[in-house]
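Read the figures in this text as sums done on the coordinates, not as results from a lab. What you see is a predicted model, and the numbers here were worked out from it, not measured in a lab. Here Cβ is always computed from backbone atoms with ideal geometry, including for glycine, and neighbour counts include all displayed protein chains.
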Amino acid sequence: MPKKDFLQISDLSAAEAGELFELAAAMKSGDYRKKPLAGKTLAMVFAKSSTRTRVSFEVGAFQLGAHAIFLSAQDMQLGRGETIADTAMVLSRYVDGITIRTFAHSDVEELARKATIPVVNGLTDLVHPCQVLSDVFTVSESLGTWQGKVVAWVGDGNNMANSWLNAAALFGFELRIACPEGYEPDREIFERAKQATGVAIFEDPDEAVRDAHVVNTDVWASMGQEADAKARRLAFKGYTVDSDLMKLAAPDAIFLHCLPAHRGEEVASEVIDGPQSRVWDQAENRLHVQKALLATLMS
Ligand code: CP
Ligand code: NVA
């Protein structure tokens, strides 16, 4: 069987995603106790900071019987100019799977092309598929289903917003994005999602959030955009998810944030620390969904 990578949510069919969620739920409940990755090794290459992705992959690999090696890209020969292709071919001779977090999405595509083992995207400037896949699992866990639900995205049209567009296309829910002009999501991803489901971009957060079942945001300056943070704080004025905005959503709406968060910027403390917030379940579910993904791709 050819190896399978997970670089974007669109790499999965709806049926495959459903199977992953079933497996993740069994893993979360404690019913699943197998070690399908016993004796295997996962290389985890990080060119950007991480708390959740690094820890959830490392713990997940361990729980499935595998050993995980954390590799800071700066400390690898990659950081001194060794090519992605050579790195892919060498790692493929030692380990059984690679997760990578880096800047250019094309680097992850190159790694996956050259590696003979599964590659999992742990975030690029373009997308964050592991996060949003597990966020859809969280939606289904909290609201019973994603079918017929309206998801609102408020803030930057960044890697998370792009992955939500891919998820809307795969799962068929409605996605409304509110962002300032100039901060829209990737055009190609948006157009592709539009062919598949109801997606729309608004400038006014109220319009996106009205009657939504899920309200979602993320930092205004992503990793790599630190120099731009001040200008972005100005551009995103009025895009804070606060309790007034949440009041426009459906009464039982949930709030999601992939974390790390900046309270007082993209989200008010009263929302992220309030009763509608599901951010801790959301962080926990990274572990269960990624375990299902690793068990499926690597065994
Ligand atoms: N949400 C997320 O990916 O967090 P980390 O950057 O801490 O991995
Ligand atoms: N958009 C954020 C997500 C962090 C998990 C970033 O890329 O920094």
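Summary of computed values
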{"read-out": "Neighbour-count ranking [beta-carbon atoms within 10 angstrom, fewest first] of LYS237, LYS28", "value": "LYS237, LYS28"}
{"read-out": "Helix 84-94 vs. the chain, principal-axis angle (Cα, 0 to 90°, nearest 10)", "value": "60 degrees"}
{"read-out": "FRET efficiency, SER269 to ASP228 (Cβ-Cβ, R0 30 Å, nearest 0.05)", "value": "0.80"}
{"read-out": "Estimated 222 nm signal from helices in the chain, with DSSP H stretches of n ≥ 4 weighted -39500 (n - 2.57), rounded to 500", "value": "-13000 deg cm²/dmol"}
{"read-out": "Rounded tilt (10° steps) of 105-114 against the dominant C-alpha axis of the chain", "value": "30 degrees"}
{"read-out": "Label-point separation, ASP281 to ASP75 (7 Å along Cα→Cβ), nm", "value": "3.7 nm"}
{"read-out": "q = 0.12, 0.13, 0.20, 0.22 Å⁻¹: log10 I(q)/I(0) that the Debye formula gives for the stretch 27-102, counting C-alpha atoms only", "value": "-0.37, -0.43, -0.87, -1.00"}
{"read-out": "Exposure proxy order (Cβ contacts within 10 Å, fewest to most) of MET89, MET160, MET298", "value": "MET89, MET298, MET160"}
{"read-out": "Net charge contributed by nearby residues that have their C-beta within less than 11 Å of ILE84 (K/R +1, D/E -1)", "value": "-3"}
{"read-out": "Theoretical FRET efficiency, 1/(1+(r/R0)^6), r = Cβ-Cβ of THR51 and GLU191, R0 25 Å, to 0.05", "value": "0.15"}
{"read-out": "Cα long-axis angle, helix 129-143 against the chain (0 to 90 degrees, to the nearest 10)", "value": "50 degrees"}
{"read-out": "Overall Cα dimensions of the stretch 168-299, principal axis frame, Å, largest first", "value": "48, 37, 35"}
{"read-out": "Radius of gyration and maximum dimension Dmax of the chain, Cα, Å", "value": "18.7, 55"}
{"read-out": "Cα-based Lys proximity count in the chain, under 22 Å, for pairs eight or more positions apart or on separate chains", "value": "22"}
{"read-out": "Cα-Cα P(r), the stretch 106-158, percent of pairs per 10 Å interval", "value": "20, 37, 28, 15, 0"}
{"read-out": "Sorted by Cβ neighbour density within 10 Å, fewest at the top, the residues LEU175, LEU42", "value": "LEU42, LEU175"}
{"read-out": "Debye-sum result for the stretch 1-136 in log10 I(q)/I(0), which assumes one identical scatterer on each alpha carbon, at q = 0.09 Å⁻¹", "value": "-0.26"}
